[in-house]
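Asks: Please see the structure below; I have some questions.
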Amino acid sequence: MTSSVETINASSAGTWELGDLTVNRLGFGSMRLTQDGAVFADGVPSDRKRALGVLRTAVELGVNHIDTAAFYFSALRSANELINSALAPYSDDLVITTKVGPGRDPSGAWLWATPQQLRGHVEENLRQLGRDHLDVVNLRLAPSGAEASVADHFGALSELRDAGLIRHLGMSNTSPAQLAEARSIAPVVCVQNAYGIGSPAEDHAFLRYCGEEGIAFVPFFAIVGKGREGGVTHTERDEVRAVARTHGVTPAQIRLAWTLHQGPHVLAIPGTGNPDHLVENVAAGALRLTADDLALLAP
């Protein structure tokens, strides 16, 4: 695989339709733009100039799907504000996906919205991004709510979609039963769940089901795994290291490539505030794993 920046483009990963919106399958997650090190913790705010440069470079490299949320902020940085400053006026083909449900007060403490409060979450994203509508809004569910009904919350978002504030709806951190309940209310274009090498069998089954239903599956923490918001903390699997050596790439690139190989409906949204890592992540979209590679990395 070439390392020349000029030939690296997110379109190498192929495309998918989020409703009527076409996106390259290799996108960008903005969570790590606001702070160096672990997010949602006391730490050093990111360098603003560098963060703006990462966003602009991502778009130059063909990224047209950016994932964000109003609750992505540090002491001095807001992901939505950075996106607005770096990329507005937005190109017609740029799709910005956001999440509502969780919120954070000025101290950073977590709050979960009632159905009636979701309009405020949507309007907050609109203000910060400088948009008159949101392309895709995911209802993000609490980790402890795997069995909870989503009817009231998703119904509230469906009403905002009917009002023209939202174009398409998705679900995040959800279960198959919750997805079915949401789809009985309004169309769902994507599911955004934690997923990657080493995920349990039920997660692989859910991914396959989404593909059968034409729903995009958008993994988060595909690179960091159990490190989650804290970043990469795990000892890399020997199999991942072996495949990485074979292709002359990093283990993170193998994890991204493996994710994209799980189906044409799978979208990757790796996040970084490091410009070099950004180039590596986008380049992973062009990496083609062999049958032997996939067998070695299989659960």
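Asks: With all protein chains present, how much of the accessible area of the range 144-277 (probe radius 1.4 Å) comes from carbon and sulfur, to the nearest whole percent?
Replies: 49 percent
Asks: How large a share of the accessible area of the range 33-123, in percent, is made up of carbon and sulfur atoms when the probe is 1.4 Å and the other protein chains stay in place?
Replies: Looking at the range 33-123 in its full context, I get 53 percent from C and S.
Asks: For the chain, what is the charge dipole size about the Cα centre, in debye to the nearest 20, if Lys and Arg each add +1 at the Cβ and Asp and Glu each add -1 at the Cβ?
Replies: Value, rounded to 20: 460 debye.
Asks: How much accessible area per residue does the chain have, in Å², with a 1.4 Å probe?
Replies: On a per-residue basis, the chain sits at 43 Å².
Asks: Cα gyration tensor of the range 237-278, axes a ≥ b ≥ c as square roots of the eigenvalues: rounded (a/c below 1.5), prolate (a/b > b/c) or oblate?
Replies: oblate
Asks: Quote the relative contact order of the chain in percent (integer), defining contacts as alpha-carbon pairs under 8 Å separated by 6+ residues.
Replies: Once divided by the residue count of the chain, the mean separation gives 21 percent.
Asks: Under 5 Å between amide H atoms, partner at least 5 residues away or on a different chain: which partners does Thr97 have, H built in plane at 1.01 Å?
Replies: The list, which skips near neighbours in sequence, is Ile66, Asp67, Thr68.
Asks: Could you order peptides 203-216, 272-285 by the average number of other Cβ atoms within 10 Å of their residues, highest first?
Replies: Those peptides, ordered most packed to least, come out 272-285, 203-216.
Asks: A follow-up question, please. Restricting the count to DSSP beta bridges whose residues both fall in the range 99-240, what percent are antiparallel, rounded to a multiple of 5?
Replies: DSSP beta bridges in the range 99-240 are roughly 20 percent antiparallel.
Asks: Listed highest first by mean packing, meaning other Cβ atoms within 10 Å per residue, what order do 249-255, 143-149, 44-50, 192-198 come in?
Replies: Put in order of decreasing packing, that is 249-255, 192-198, 44-50, 143-149.
Asks: For the chain, what is the percent of antiparallel DSSP beta bridges, rounded to the nearest 5?
Replies: 30 percent
Asks: What number comes out for the charge environment of Asn138, summing +1 per Lys or Arg and -1 per Asp or Glu over other residues with Cβ under 10 Å away?
Replies: Taking every other residue near Asn138 into account, the sum is +1.
Asks: Further question: Once you've got the GNM for the chain with C-alpha springs shorter than 10 Å, pick whichever of Pro115, Pro270, Pro106 has the biggest mean-square fluctuation.
Replies: The residue with the greatest mean-square fluctuation here is Pro106.
Asks: Using just the alpha carbons, could you tell me how many Å³ per residue the convex hull of the chain encloses?
Replies: 122 Å³
Asks: While we're here: How much of the DSSP beta bridge set in the range 44-136 is antiparallel, as a percent to the nearest 5?
Replies: The answer is about 50 percent antiparallel.
The values are calculated or read from the model by the stated rules, or taken from the named source; none is laboratory data. Because the structure is a prediction, the values reported are computed rather than measured. All Cβ positions, glycine included, derive from the backbone under ideal geometry; neighbour counts span all protein chains shown. Keep in mind that these areas ignore ligands, DNA and RNA; they rest on the heavy atoms of the full protein, side chains included. Shrake-Rupley method; radii C 1.70, N 1.55, O 1.52, S 1.80 Å.
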